[in-house]
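Here is the structure we will look at.
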Amino acid sequence: MKNTGTLKVILPTDREIVLTRVFDAPRRMIYDAWTKPELLKRWFGPRGWSLVVCEVDPRVGGKWRFVLRGPNGKEMGMSGVYRELVPPERDVHTESSDDFPGESVVTGVLVEDGGKTTMTATILYQSREVRDAVIKSGIEYGAAETYDKLAEMLV
């Protein structure tokens, strides 16, 4: 996995990761890709991984569950609850990973300008230790490949 330079990753506080990416598409298309299972299955996960479980109930209080399967058969699961949905500009949800303790809060914001959309995803972890473990696991590279796949699907 690699970051081709299209994904900017910053650590603004000791509990946050902020991912920023510009897509050559209107924000409605990206928002739909975040919330529709038939689209999520086409792009979510790094190259070589498939989304084998994709359950979403995109409404405030609705739950979601994803399981990714890697080329070696390893599975990685995550789930959460939608806290705020403002189509097509904002999505706030919790996220719990099967592999890391605790729950994070993910705030996704889409800003459209001239047919291009800047996506900013701010992930707030319960502690610096959990955030650092997620960084060490390679989130930058997996997320970069995942968003590259989304960009390819939007063409």
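Tell me the residue from Arg47, Arg15, Arg65 that is touching a Phe, Trp or Tyr at 6+ places or on another chain (Cβ under 7 Å) and of a type in the set (D, E, K, R), please.
Values: Arg47 fails: touching a Phe, Trp or Tyr at 6+ places or on another chain (Cβ under 7 Å); Arg65 fails: touching a Phe, Trp or Tyr at 6+ places or on another chain (Cβ under 7 Å).
Criteria check complete, one pass: Arg15.
Considering each of Thr122, Thr118, Thr94 in turn, give the residue that is hydroxyl-bearing (Ser, Thr, Tyr) and either in a loop (DSSP other than H, G, I, E, B) or open to solvent by less than 20 Å² (accessible area, probe 1.4 Å) (or both). Even if it seems obvious, please write down each step before you answer.
Values: Thr122 fails: either in a loop (DSSP other than H, G, I, E, B) or open to solvent by less than 20 Å² (accessible area, probe 1.4 Å) (or both); Thr118 fails: either in a loop (DSSP other than H, G, I, E, B) or open to solvent by less than 20 Å² (accessible area, probe 1.4 Å) (or both).
One residue alone meets the criteria, Thr94.
Those residues that are surrounded by fewer than 18 Cβ atoms within 10 Å (Cβ to Cβ), in a loop (DSSP other than H, G, I, E, B) and touching a residue at least 24 places away in the same chain (Cβ under 8 Å), I need them from segment 28-48; list them, please. Of everything in segment 28-48, just one residue is surrounded by fewer than 18 Cβ atoms within 10 Å (Cβ to Cβ), in a loop (DSSP other than H, G, I, E, B) and touching a residue at least 24 places away in the same chain (Cβ under 8 Å), namely Arg47.
I'm checking my understanding of the structure. Among residues of segment 137-155 that are open to solvent by 30 Å² or more (accessible area, probe 1.4 Å) and outside any helix (DSSP H, G or I), which one is farthest from Ala25 (Cα to Cα)? Spell out how you get there, then give the answer.
Pass one, segment 137-155, residues open to solvent by 30 Å² or more (accessible area, probe 1.4 Å): 137, 139-141, 147, 149, 152-153, 155.
Subsequent filtering for residues that are outside any helix (DSSP H, G or I) retains 137, 155.
On the way: Ser137: 30, Val155: 8 Å.
If we take residues in segment 137-155 being open to solvent by 30 Å² or more (accessible area, probe 1.4 Å) and outside any helix (DSSP H, G or I), then Ser137 is farthest from Ala25 (Cα to Cα).
When segment 9-27 is filtered for residues that are exposed (fewer than 15 other Cβ atoms within 10 Å of the Cβ) and either under 20 Å from Leu110 (Cβ atoms) or not aliphatic (A, V, I, L, M) (or both), the ones remaining, listed by number, are Ile10, Pro12, Thr13, Asp14, Asp24.
All conditions but one from (1) under 24 Å from Tyr31 (Cβ atoms); (2) open to solvent by less than 50 Å² (accessible area, probe 1.4 Å); (3) in contact with a Ser or Thr (Cβ under 9 Å, 6 or more places away or on another chain); (4) not acidic (Asp, Glu) apply to Arg131; the one that does not is (1).
The values are calculated or read from the model by the stated rules, or taken from the named source; none is laboratory data. What you are looking at is a predicted structure, and each value in this text was computed from that prediction instead of being measured. All Cβ positions, even for glycine, are placed from backbone atoms using ideal geometry, and neighbour counts span all protein chains on display. Keep in mind that these areas ignore ligands, DNA and RNA; they rest on the heavy atoms of the full protein, side chains included. Shrake-Rupley method; radii C 1.70, N 1.55, O 1.52, S 1.80 Å.
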